[in-house]
Each structure stands twice: as structure tokens, then as C-alpha cells.
Amino acid sequence: MTLNNWAEQAIAQMDETHRQNYREVYNAAWKKPLGSRRLQSLTAQEIQAAADAMLAAGKSAKTVRNAWSVLAVLLDKAIREGHLRCNVARAVMLPPAAPARAPAAPTMTAEQRRRIVTAALQSPHPYAGGIVLANQMGLTCSEICALTYGDVSAHAVTVHRMMCRAESGWRVKETPPRTIRLRPKSRAVLEGQRVRFYDAAGRMPAESDPVIFRADGAPLNPDNLRQFFVRLAAKCGVEQPRFEQLKGRQAL
């Protein structure tokens, strides 16, 4: 008895719900490469070669695993009916299943964005200005942390740097410059940050000093700003917030 003979016989005994699916998968995956082999002579190496050929032809790991499961069920049935002594398909190395996708973060509503930005405006924390600037100026977290007072003029901000991860922590990377006109609220935030810097460092900021800074006036890294944002959002009743959802959507 060949594998094709047995597959047709075993599939014919299945209920109608499974019959069509098993037949389609078997015919697509195993009928041509292995169907003429004697059932009792089939080896794990032959099944492995056929599975590897499917992957090489561009079939996904999910498709190969599904095809294998159909063949394994058919061979298990052959054992139960006395046609085989062992299921050689169980010795095949299958491609790993793709990792489950993380659920997408919920979209932040305009009202949630407004609550977060309002809370940032009312917060005395030196990181809070970064939340408002992200919303008002459309800056990324990495761009905000690289912003210095030398980038700020009376009416505009020049963005030409961002913070990037490095083996030793973080480094500043130059980017194509772009100029962003200051809205009144952004200008007020930047002036407030100057006062906060003076309170922290005991002097007015120089051109090289960061706009968003730690309590001692030192530069801030993006991880710290993101963590502050998450805590602030939680206080506003916003779960699973993403910093990027602040960007470029003025809340106030």
C-alpha cells in the first residue's frame, strides 16, 4: 500500500467537516513528493527533505507545520489500524512557530492627550516640559532629549540632533536640520525650563545645556523621559500610553 492509497482511505473515513481540509493539505504538500512511497517504507529523512523543500520554495513555517500535522495524524491512524509500528513523522525537525504578536497599543484619544498635556503643564517636574514640547512641536522623545538652548531662538527651534543607544549608554547623532516655529505655549514652556534650570544648577543655562534635564541639570536620556510620561499618563487614567501618540497632535 502506498502513502497515497492510505491517505485516500483514511481521509474518506473522516467526517465531512475535516475531510475536505485534510485532502487539500495532503494533496498540496505530500501527494507528489511522497505519495508513491510504500507506507511501511516511508522514512523520517524523506519527510524531512519534503518539509525542507517546502520552506525552500517559500512556504511559511506555519504552512509547513500545518502540513506536517496532517501527515502525522494520517500515520497515527495507520498505527491504530495495524499498518505501521511507529510514526516516523514524529522524528521530523519542524521550523519554529512564529512568535505571537503583541497586542497593538490602544490609540490615544484627543481627550486623553489633552489630560496628559494639561497635567504636564501643571507639573513642577523638570521632565514635564518635554511632554508639552512633544505635543506642541511634533518632536520625538530622542529629539527632545538632544535639544539644547543653543538650538532655541526667540521665534523658532532648530532640530538637528537626536539621542541614540550606544554600547556605553547613549550618544548624540546629527540629523538633517529642520526649523520649527514656536507657538506661544511652546515659548512659555521653554522660558519655564530656563527658570527650572536656574533653580537646579544655580545659574542660567548656557547654549550647550539641555532644555530637558535631570534634577541636577545634567542631560536626560529618552528612557527616563518615557518612564515619566508613562507615570504621568497613569495618573491621568490613560493605560498603555505610547509617547509617539503625543507627537504632532496639539492638545491645547
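Key figures for this structure:
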quantity: Centroid-to-centroid separation of region 36-97 and region 189-238 [C-alpha atoms, Å]; calculated: 60 Å
quantity: Listed residue (Gln13, Pro33, Ala91) projecting farthest to the positive dipole end of the chain, Cβ model; calculated: Gln13
quantity: Protection-proxy order for peptides 225-233, 202-210, each taking the mean of Cβ atoms within 10 Å per residue, highest first; calculated: 225-233, 202-210
quantity: Options Gly237, Gly202, Phe213, ranked by Cα towards positive dipole end of region 188-252, top entry (Cβ charges); calculated: Gly237
quantity: Cβ-based exposure ranking for Thr107, Thr63, Thr43, in which fewest neighbours within 10 Å come first; calculated: Thr107, Thr43, Thr63
quantity: Cβ-placed point charges (K, R +1; D, E -1), dipole of the chain about Cα centre in debye, nearest 20; calculated: 300 debye
quantity: Residue-span extension gain [Gln122 to Ser60] - 0.36 nm each, minus C-alpha spacing; calculated: 17.1 nm
quantity: Exposure proxy ranking, count of Cβ atoms within 10 Å, fewest first, for Ile116, Ile131, Ile79; calculated: Ile79, Ile116, Ile131
quantity: Sites Ala200 and Arg101, calculated FRET efficiency, Cβ-Cβ separation with R0 45 Å, nearest 0.05; calculated: 0.60
quantity: Relative contact order %, the chain, counting alpha carbon pairs below 8 Å whose residues are six or more apart; calculated: 19 percent
quantity: Computed [θ] at 222 nm, helices only, for the chain once each DSSP H run of length n ≥ 4 contributes -39500 (n - 2.57); calculated: -15000 deg cm²/dmol
quantity: Only Lys, Arg (+1) and Asp, Glu (-1) charged, at Cβ; region 110-246 dipole about Cα centre in debye; calculated: 360 debye
quantity: Residue (of Ala156, Asn224, Leu3) at the positive-pole extreme of the chain, dipole from beta-carbon charges; calculated: Ala156
quantity: Trp68, Trp170 arranged by Cβ crowding within 10 Å, fewest neighbours leading; calculated: Trp170, Trp68
quantity: Relative contact order (%) - criterion: Cα under 8 Å, at least six apart; region: region 110-246; calculated: 29 percent
quantity: Cα gyration tensor category, rounded, prolate or oblate, for region 110-246 with a/c compared to 1.5; calculated: rounded
quantity: For region 3-91, size of Cβ-based charge dipole, Lys and Arg +1, Asp and Glu -1, in debye; calculated: 160 debye
quantity: D (Stokes-Einstein, µm²/s), Kirkwood Cα radius, region 3-91, 0.890 mPa s at 25 °C; calculated: 188 µm²/s
quantity: Förster radius 51 Å - calculated FRET efficiency between Met93 and Gln20 (Cβ-Cβ, nearest 0.05); calculated: 0.95
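Read the figures in this text as sums done on the coordinates, not as results from a lab. Given the structure is predicted, the values throughout are model-derived calculations rather than measurements. For neighbour counting, all protein chains shown are included, and Cβ atoms are generated from backbone atoms with ideal geometry for every residue, glycine included.
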